[in-house]
Amino acid sequence: MKRITIAIDGYSSCGKSTLAKALAIKLQYSFIDTGAMYRAVTLYLFEHKLIDTEGGIDEKNAIKALSKIYLSFIYNPSLKYAETYLNGENVEKKIRDIIISNSVSKVSAIKEVRTKLVSLQQKMGKEKGVVLDGRDIGTTVFPEAELKLFMTADEKIRIQRRLDEYTSKGEYITEDEVRKNISKRDYEDTHRKESPLLKANDAIILDNSDLDKQQQLDYVMRLINDLQLIK
Ligand code: DC
């Protein structure tokens, strides 16, 4: 059976990773969470005091520090996806903290950060049989991907899903904090100079406001079959 590249881009908190993980399990593909990479770089900069409490970045030294950042991904069989490691430490939990979410868009706008991470993503996905989720996969990382999805969902639903995610982890965060974070990131991600979030011309829009996890997976599997992408 033909193995393809699936690129999933879209706004924050639209369920991109949820869909990407489910597709990867169904097709026995690898899942590459590119947002986790930008988050891990942001965490490193925080821990090395290159981002201050107001979110200001010491860009010159941040760029210098990039050579000291080593990212790796180790498959966790109980979760059925690879977790992100920063210089040998599993940082899956730390990188989802709201502090990281509030600064990651600024870090991801730095050209040198993107160059490093895009090249890593291209290396990791070159054998195909991969599902990647992010903001620039269909436009920059794998413009030749056989299937490109651009995800969107009603803002209220996105906020609620993110709130539920925090609650399920036993973390408390206000609705207002989530709303501000989502709209700030969407603005910054779509307005940055370096490969902004943009729908690729050949991407299929998937609005999952009224779809649950199973329905969106079924929809994409039908699409793959109808378009005969893996025949
Ligand atoms: O998917 P996520 O919310 O974990 O991504 C975190 C941030 O990383 C997002 O706000 C923008 C940035 N990002 C990016 O610029 N390019 C990608 N391919 C993935 C994420």
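The values are calculated or read from the model by the stated rules, or taken from the named source; none is laboratory data. The shown structure was predicted, so the numbers you read here are calculated from the model rather than taken from an experiment. Every residue, glycine as well, gets a Cβ built from its backbone with ideal geometry; the counts of neighbours run over all protein chains shown. Only protein heavy atoms, including side chains, enter the accessible area calculation; ligands, DNA and RNA are left aside. Shrake-Rupley method; radii C 1.70, N 1.55, O 1.52, S 1.80 Å.
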Review point. Label points 7 Å out from Cα along the Cβ direction at Tyr172 and Ile205: separation in nm?
Key: 4.0
Practice item. Write down the accessible area per residue of the chain in Å², having rolled a 1.4 Å probe over the full set of protein chains. Key: 51
Review point. Using the beta-carbon distance between Lys80 and Asp52 and R0 = 45 Å, what value does 1/(1 + (r/R0)^6) give for FRET efficiency, to the nearest 0.05?
Key: 0.75
**Study point:** Solvent exposure ordering (accessible area, 1.4 Å, most first) of His191, His48
**Key:** His191, His48
Check your understanding: Which of the GluC sites (Glu not before Pro) found in the range 1-110 are loop residues per DSSP with 12 or fewer other Cβ atoms within 10 Å of their Cβ?
Key -> Glu54
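Pairs of alpha-carbon atoms within less than 8 angstrom and 6+ residues apart define the contacts here; what relative contact order does the chain have, in percent? Don't jump to the answer; show the numbers that get you there.
Working: 331 pairs, mean separation 79.0, N = 231.
Once normalised by length, the contact order is 34 percent.
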Review point. What is the local net charge at Leu43, summed over the other residues whose Cβ is closer than 9 Å to its Cβ (Lys, Arg +1; Asp, Glu -1)?
Key: 0
Check your understanding: How do the peptides 142-153, 127-138 rank, highest first, by the average count of neighbouring beta carbon atoms within 10 Å per residue?
Key -> 127-138, 142-153
Check your understanding: On the accessible surface of the range 80-200, probed at 1.4 Å, how many percent belong to carbon and sulfur atoms?
Key -> 53
Revision key, fill the gap. Looks like the range 166-220, by Cα gyration tensor root eigenvalues a ≥ b ≥ c and the a/c under 1.5 rounded cutoff (else prolate when a/b is bigger than b/c, oblate otherwise), is oblate
Exercise for review: Count neighbours as other Cβ atoms within 10 Å of each site's Cβ, and list the trypsin sites (Lys or Arg not before Pro) in the range 5-72 that are DSSP loop with at most 14 such neighbours.
Suggested key: Lys49
Check your understanding: Got a number for the accessible area of Thr53? Probe 1.4 Å, square angstrom, nearest 10.
Key -> 140
Practice item. Would you rank Ser105, Ser17 by solvent-accessible area, highest first, keeping every protein chain in place and using a 1.4 Å probe? Key: Ser17, Ser105
Study note, to complete from the structure: Here the gain from full extension of Ser183 to Gln122, 0.36 nm per residue of separation minus their alpha-carbon distance, amounts to 19.1 nm
Study note, to complete from the structure: Computed, not fitted: 222 nm per-residue ellipticity of the chain from DSSP H runs ≥ 4 (each -39500 (n - 2.57)), nearest 500, equal to -14500 deg cm²/dmol
Check your understanding: If you take every DSSP beta bridge whose two residues both sit in the chain, what share of them, in percent to the nearest 5, is antiparallel?
Key -> 35
Review point. For the chain, treating each Cα as an identical point scatterer without solvent, what Debye log10 I(q)/I(0) comes out at q = 0.16, 0.17 1/Å?
Key: -1.20, -1.37
